[in-house]
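See structure below.
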Amino acid sequence: MTRITSRPLGRLVVLVAWCIVLAEGRAQDRPNILFIMSDDHTTQAVGAYATVLKEIDPTPTIDSLAREGILFENAFCTNGICTPSRACIITGQYNHNNGVFDLGGRIEPDRQMLPIQMRNAGYQTAMIGKWHLKTEPNFDYYKVLPGQGKYYDTEFRVQGDQPWPKNTVKHQGEHSSDAITDSTLKWFQEHRDPNRPFFVCHQFKAPHDFFENARRYQSYLADVDIPEPATLYDVPDSWGSIATRGHEDELMPHIGTSIGSRNPRRSYAVDLYKRFPEEFPPGYDPASLSEVETTKLAYQAYLKKYLRCVKGVDDNLKRLFDYLKQEGLYDDTVIIYTGDQGFWLGEKDYQDKRWAYDQSQRMPFIVRYPPTIPAGQRSNAIVENVDYPALMLDYAGAEIPESVQGKSFRSICENGREPPGWKTAAYYRYWMHMAHHDNPGEMAIRTKTHKLIYFYGCDYQGKKRTPAGWELYDLTSDPQELNNVYDDPQYAAIRDELKAQFAQLRLDIGDDGSHYPQCEEVVQANWDYDERARQRAIETSHEFLARREAELAKRRAK
């Protein structure tokens, strides 16, 4: 009897033990995941993407990832500012669903889906560098910048005896790119568990403005005349709309901050000179120079500071990658490189990001993992930052919760082909109407061939209006988005088709207007853009100009 009953029990013990071995084996077989994100690093300043700046190429290390993996040419953010972009990646949700509409947003620890799911899948998790989501990171280990953080004397919030955010350490005299990389290397050396796969977020502050480069790069590009974009000094009359230019161009000085002196409220011709006068000629005085002269000088100063910060990022990545190679981890790790959105490098005389145009909507996105991703691929598949966490969870063999709106594109990474039913359009919405950089509230749909932008032009309460307007660009014939064909009869059919697709996409992803009903009233009032709406836009243009001129007069009087 004893012999008969003990056999099933013995088999059960063996089976359980074997399952544990298999589970541990699967965990060990899973790739490590290293997610690298720089702040405001745009595709135009990545050698593998660059056109105008191709010859300068400050990113040989990042370029090597592209040569050895896959580069996505149509990767887009859903909202072109720091906090909302990061919130999309940590939650896998569009901003109107994760609740982070602007820079004041936050994601509570129990809603930080990505690290939670990675931990549940057996991964050791770490977040190092820029965080910008207000609340404590829900990672096994973190060392993050307070808010935007400082370029020098970099301070970090860390775990410790005191509650978040009271525990801090400072890297006195050290540049943030160096300090962040030192911190990640130290984590690998002192905290990594070799028996578990890791999920590490390594996130630079650079090259966020105002571009304070490490001092050792001060001579880099000092004697180089940086190539200029074709639209630095002027844009054709066919570009834009009443929303971006005003009635008869009356708002050109007031919509979008500038490189030169076009925008009297905020420009690099003034602001950058105040911070870095050594980058300008002796005796530089924007008040005594023409707009073309100030633009030329400010552009050169701006690009050199920006590219020096980019060079610091790339050199520090080489340090990180050299360590991974030395430890035999490089080829066992899914390495992803991206920025949190694009950035304007003088095109159309714009600075910063925020716009739905490609220079700021497009993100660099490169993935390297030799075991499954063939080298040297380029894909034009449309992917969004809301898809990034699903991709990483897929590689980790982790559960992707139903709350996640993004989809994994692992198969595209591995075979270059879009699966049946893959998305045909990206969605964009910028909510911070006329804040900081004078950008109107806007939303857009971007396909592989066209972009339709709707500048609804109001704040969350439907107030502080700028003129509403629509812009349609044929990206096949006009990749630089210089010819608005919204009113061109030849594009009437595609315009109406895109509008219908746009309205449906809003509903599909949950941007139904219920979050801010007063704003949605304005959105709907001008959606059809009939003659009444167009006349209202002219009146709004005049009203806004009067308000802005009064504000500037008051400012000058102080």
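Taking segment 357-390 as the range and being of a type in the set (A, V, I, L, M, F, W, C) and out of contact with any strand residue (DSSP E or B) (no Cβ under 8 Å at 6 or more places or on another chain) as the test, the residues that pass are 375, 386, 390.
Among the residues here, residue 497 does not qualify as modelled with pLDDT under 95, among the acidic types (Asp, Glu) and assigned to a helix (DSSP H, G or I).
Of all residues in segment 64-93, count the ones that are assigned to a loop (DSSP other than H, G, I, E, B) and either surrounded by fewer than 23 Cβ atoms within 10 Å (Cβ to Cβ) or in contact with a Phe, Trp or Tyr (Cβ under 7 Å, 6 or more places away or on another chain) (or both).
First pass over segment 64-93, keeping only residues assigned to a loop (DSSP other than H, G, I, E, B): 69, 77-81, 92-93.
Now restrict to residues that are either surrounded by fewer than 23 Cβ atoms within 10 Å (Cβ to Cβ) or in contact with a Phe, Trp or Tyr (Cβ under 7 Å, 6 or more places away or on another chain) (or both): 69, 78-80.
The total comes to 4.
Which ones in segment 158-172 are free of Cβ contacts under 8 Å to residues at least 24 places away in the same chain and in a strand (DSSP E or B)?
Initially, segment 158-172 is screened for residues free of Cβ contacts under 8 Å to residues at least 24 places away in the same chain, giving 158-163, 166-168, 170-172.
If the condition is that a residue be free of Cβ contacts under 8 Å to residues at least 24 places away in the same chain and in a strand (DSSP E or B), then 158, 168, 170, 171, 172 are the ones that fit.
When residue 360 is evaluated against the numbered criteria (1) in contact with a helix residue (DSSP H, G or I) (Cβ under 8 Å, 6 or more places away or on another chain); (2) farther than 19 Å from residue 69 by Cβ, which criterion, by number, is the only one it fails? Single failed check for residue 360: (1). All conditions in (1) in contact with a Ser or Thr (Cβ under 7 Å, 6 or more places away or on another chain); (2) within 27 Å of residue 204 (Cα to Cα); (3) surrounded by fewer than 17 Cβ atoms within 10 Å (Cβ to Cβ) hold for residue 247, with the sole exception of (2).
Which residue is surrounded by the fewest Cβ atoms within 10 Å (Cβ to Cβ), if the candidates are limited to segment 1-32 and must be modelled with pLDDT under 50, of a type outside the set (A, V, I, L, M, F, W, C) and closer than 28 Å to residue 114 by Cα? Can you show your working first?
Of the residues in segment 1-32, the ones modelled with pLDDT under 50 are 1-28.
Keeping just the survivors that are of a type outside the set (A, V, I, L, M, F, W, C) gives 2-3, 5-8, 10-11, 24-26, 28.
Among the residues that remain, those that are also closer than 28 Å to residue 114 by Cα are: 24-26, 28.
Numbers: 24: 13, 25: 10, 26: 12, 28: 12.
By that ranking, first place goes to 25.
Only a single item in (1) of a type in the set (Gly, Ala, Ser); (2) closer than 27 Å to residue 95 by Cβ; (3) free of Cβ contacts under 8 Å to residues at least 24 places away in the same chain is not met by residue 510, and it is number (3).
Quick one: is residue 35 touching a helix residue (DSSP H, G or I) at 6+ places or on another chain (Cβ under 7 Å), of a type outside the set (Val, Ile, Thr), crowded, with 20+ Cβ neighbours inside 10 Å and in a strand (DSSP E or B)? Outline the logic, then answer.
Details: touching a helix residue (DSSP H, G or I) at 6+ places or on another chain (Cβ under 7 Å): yes; of a type outside the set (Val, Ile, Thr): yes; crowded, with 20+ Cβ neighbours inside 10 Å: yes; in a strand (DSSP E or B): yes.
Judged against the criteria, residue 35 is a match.
Scanning segment 302-341 for residues that are assigned to a helix (DSSP H, G or I), of a type in the set (A, V, I, L, M) and touching a Phe, Trp or Tyr at 6+ places or on another chain (Cβ under 6 Å) yields 313, 324.
Of all the listed residues (328, 397, 342, 376), the sole one being among the small types (Gly, Ala, Ser) and either at negative phi or crowded, with 23+ Cβ neighbours inside 10 Å (or both) is 342. Among the conditions (1) closer than 24 Å to residue 80 by Cα; (2) in a loop (DSSP other than H, G, I, E, B); (3) in contact with a helix residue (DSSP H, G or I) (Cβ under 6 Å, 6 or more places away or on another chain), residue 202 misses just one, which is (2).
Residues that are over 20 Å from residue 35 (Cα atoms) and of a type in the set (Asp, Glu) were ranked within segment 133-155; the one that is surrounded by the fewest Cβ atoms within 10 Å (Cβ to Cβ) is 153. Taking segment 276-291 as the range and being touching a Lys or Arg at 6+ places or on another chain (Cβ under 9 Å) and among the charged types (D, E, K, R) as the test, the residues that pass are 279, 291.
Every condition in (1) part of a helix (DSSP H, G or I); (2) closer than 27 Å to residue 41 by Cβ is met by residue 293 except one, and the failing one is (2). Across segment 99-116, the number of residues qualifying as surrounded by fewer than 22 Cβ atoms within 10 Å (Cβ to Cβ) and either of a type in the set (Gly, Ala, Ser) or not in a loop (DSSP other than H, G, I, E, B) (or both) comes to 7.
Does any residue of segment 183-192 turn out to be part of a loop (DSSP other than H, G, I, E, B) and on the phi > 0 side of the Ramachandran plot? No, segment 183-192 contains no residue that is part of a loop (DSSP other than H, G, I, E, B) and on the phi > 0 side of the Ramachandran plot.
Mind checking whether some residue in segment 414-421 is touching a residue at least 60 places away in the same chain (Cβ under 8 Å) and out of contact with any Pro (no Cβ under 8 Å at 6 or more places or on another chain)? Give the derivation first.
Residues of segment 414-421 that are touching a residue at least 60 places away in the same chain (Cβ under 8 Å), as a first pass: 416.
When the remaining residues are screened for being out of contact with any Pro (no Cβ under 8 Å at 6 or more places or on another chain), the result is none.
For segment 414-421, residues touching a residue at least 60 places away in the same chain (Cβ under 8 Å) and out of contact with any Pro (no Cβ under 8 Å at 6 or more places or on another chain): absent.
Here residue 345 passes the criteria (1) under 18 Å from residue 51 (Cα atoms); (2) free of Cβ contacts under 8 Å to residues at least 40 places away in the same chain except the one numbered (2). Of the residues that sit in segment 504-531 and are under 17 Å from residue 441 (Cα atoms) and of a type in the set (Gly, Ala, Ser), which one is surrounded by the fewest Cβ atoms within 10 Å (Cβ to Cβ)? Step by step, filter segment 504-531, then rank; the result is 514.
Let me confirm something: among 505, 482, 545, which residue is farther than 30 Å from residue 448 by Cβ, of a type in the set (A, V, I, L, M), in contact (Cβ under 8 Å) with a residue 40 or more places away in the chain and out of contact with any helix residue (DSSP H, G or I) (no Cβ under 6 Å at 6 or more places or on another chain)? Before the answer, list the steps.
On the way: 505 fails: farther than 30 Å from residue 448 by Cβ; 482 fails: farther than 30 Å from residue 448 by Cβ.
None of the others qualify; the one that does is 545.
Within segment 239-275, take every residue that is assigned to a loop (DSSP other than H, G, I, E, B) and aliphatic (A, V, I, L, M) and give me the one that is farthest from residue 551 (Cα to Cα). Here the answer is 259. Return a yes/no flag: does segment 473-492 have any residue that is outside any helix (DSSP H, G or I), out of contact with any Ser or Thr (no Cβ under 7 Å at 6 or more places or on another chain) and under 20 Å from residue 351 (Cβ atoms). Checking segment 473-492: at least one residue is outside any helix (DSSP H, G or I), out of contact with any Ser or Thr (no Cβ under 7 Å at 6 or more places or on another chain) and under 20 Å from residue 351 (Cβ atoms).
Being of a type outside the set (Lys, Arg) and surrounded by fewer than 16 Cβ atoms within 10 Å (Cβ to Cβ) is the filter here, so list the residues in segment 183-203 that pass it. So that I can check it myself, show each step before the final result.
Our first condition is that a residue be of a type outside the set (Lys, Arg); within segment 183-203, this holds for 183-185, 187-191, 193-195, 197-203.
Answer for segment 183-203, where residues must be of a type outside the set (Lys, Arg) and surrounded by fewer than 16 Cβ atoms within 10 Å (Cβ to Cβ): 189, 190, 191, 193, 194, 195.
The values are calculated or read from the model by the stated rules, or taken from the named source; none is laboratory data. Here the structure is a predicted model, which means the values were calculated and not measured. Cβ: placed from backbone, ideal geometry, glycine included. Neighbour counts: every protein chain shown.
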